[in-house]
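Inspection log for the structure reproduced underneath, given as structure tokens.
Nothing in this text is a laboratory measurement; each read-out follows from the coordinates by a stated rule. In this text the structure is predicted, and so the values were computed from the model without any measurement. Using ideal geometry, Cβ is built from the backbone for each residue, glycine included, and neighbour counts are taken over all protein chains shown.
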Amino acid sequence: MSASSHETPIELELEPDLAQVTTTSAPRRPSYASPTSFEALTLLIPGTVLGLLARLGVEHLDSYPNAAIFSLAWVQGLGCVAMGAALGQKITLTKL
């Protein structure tokens, strides 16, 4: 035997078996419903109807002759306040 036969053999790195490889995938993104899906429309329609009724009600409260400001301005102002309040409570509302 030669001196080289007493040396430790060289370890070869073989390709790992694909069944044994554990992959870490990116975190899953939440799936959202299509805007035209039944679930989305079911949630949007009642809010749309209530918003329309609220707008018409506020508009009729302030529609009289010689009004200092046109009635749509009140409706738009109240809509901005409502949307601002909803945006301020965004975290709380998204938990619902």
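Please count how many residues of region 59-85 are aromatic (Phe, Trp, Tyr) and either surrounded by 10 or more Cβ atoms within 10 Å (Cβ to Cβ) or under 30 Å from the mean Cα position of the chain (by Cα) (or both).
The qualifying residues number 2.
Could you grab me the full set of residues in region 27-73 that are among the aromatic types (Phe, Trp, Tyr), over 23 Å from residue 86 (Cβ atoms) and either outside any helix (DSSP H, G or I) or touching a residue at least 60 places away in the same chain (Cβ under 8 Å) (or both)?
64, 70
I'm trying to understand the selection: among the residues of region 55-82, which are under 27 Å from residue 34 (Cα atoms) and among the aliphatic types (A, V, I, L, M)?
Hit for region 55-82 is 82, nothing else.
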